[in-house]
1. Since I49 meets every condition but one in (1) assigned to a helix (DSSP H, G or I); (2) modelled with pLDDT of 85 or more; (3) open to solvent by 30 Å² or more (accessible area, probe 1.4 Å), which condition does it not meet?
2. Of the residues in the range 139-155, how many are touching a residue at least 60 places away in the same chain (Cβ under 8 Å) and within 15 Å of the chain's Cα centre (by Cα)?
3. Just for the range 146-181: of the residues that are part of a helix (DSSP H, G or I), touching a Leu at 6+ places or on another chain (Cβ under 7 Å) and within 13 Å of G12 (Cα to Cα), which one is least open to solvent (accessible area, probe 1.4 Å)?
4. Scan the range 56-69 residue by residue and report those that are over 17 Å from P26 (Cα atoms) and open to solvent by 60 Å² or more (accessible area, probe 1.4 Å).
5. What single numbered condition from (1) more than 14 Å from the chain's Cα centre (by Cα); (2) in contact (Cβ under 8 Å) with a residue 12 or more places away in the chain fails to hold for Q51?
6. Confirm whether K54 is in contact with a Pro (Cβ under 8 Å, 6 or more places away or on another chain) and charged (D, E, K, R).
7. Suppose the filter is modelled with pLDDT of 95 or more and either open to solvent by less than 70 Å² (accessible area, probe 1.4 Å) or among the small types (G, A, S) (or both); does R143 pass it?
8. Within the range 120-140, which residues are of a type in the set (D, E, K, R) and open to solvent by 60 Å² or more (accessible area, probe 1.4 Å)?
Amino acid sequence: MITIVSGLPRSGTSLMMQMLAAGGLPILSDGERKADTDNPRGYMEWERIKQLPKDPSLITEGEGKVVKVISQLLLSLPDGHEYRVVFMQRPLPEVLKSQDEMLRRRGTFEANVDTTPIEEAFQRHLIEVNRWLNGKPNTQVLRVHYHRALREPKATAEAVSEFLKVPLDIEAMTREVDQSLYRNRMK
């Protein structure tokens, strides 16, 4: 079995990776992308996963581990493996606001740009990804709402443990949730 944490960028995937690591699961991460202002606890990513569309067989390195796979790359997961996908969901306006803030800090943000086309593209993408996930017999999905993870970290940790069918350190997972890092709220 390969455990995958996925979602749109800025949807809470790093938080879930941190929770699962604290809970006791081995994480497939190379540490190349360092912690920064936008993600002070780290991204917990594996750089090679970006090659998944060209080399689907590399996912075998994730057997028995947790791998972060952004939603766009999920469509490249090969058959022949059992996947458990923890799919993070966050309201699109917050995702876009968080991305804008990250771009602003990096100096690549364009002010006064209409984000409607981006939001519509994300909507279409999520429909495609959910349709794909629902059609894969070897894939089980747990959708975790970002706000619920923040409000009810213990219940979220318990639900994830039950979904993955592995005993996890629920208290350690709960301690990973830091309300102060929820900075891009919609009013």
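1. It fails just one condition, (3).
2. Looking only at that region, the number is 3.
3. Among those that are part of a helix (DSSP H, G or I), touching a Leu at 6+ places or on another chain (Cβ under 7 Å) and within 13 Å of G12 (Cα to Cα), it is A149.
4. Answer for the range 56-69, where residues must be over 17 Å from P26 (Cα atoms) and open to solvent by 60 Å² or more (accessible area, probe 1.4 Å): just S57.
5. Tallying (1) more than 14 Å from the chain's Cα centre (by Cα); (2) in contact (Cβ under 8 Å) with a residue 12 or more places away in the chain, Q51 fails exactly one: (2).
6. Against the criterion (in contact with a Pro (Cβ under 8 Å, 6 or more places away or on another chain) and charged (D, E, K, R)), K54 does not qualify.
7. On the way: modelled with pLDDT of 95 or more: yes; either open to solvent by less than 70 Å² (accessible area, probe 1.4 Å) or among the small types (G, A, S) (or both): no.
No.
8. Hits for the range 120-140 are E120, R124, E128, R131.
The values are calculated or read from the model by the stated rules, or taken from the named source; none is laboratory data. All values reported here derive from a predicted model rather than from experimental measurement. In this analysis, Cβ positions are derived from the backbone assuming ideal geometry, glycine residues included, and neighbour counts consider all displayed protein chains. Only protein heavy atoms, including side chains, enter the accessible area calculation; ligands, DNA and RNA are left aside. Shrake-Rupley method; radii C 1.70, N 1.55, O 1.52, S 1.80 Å.
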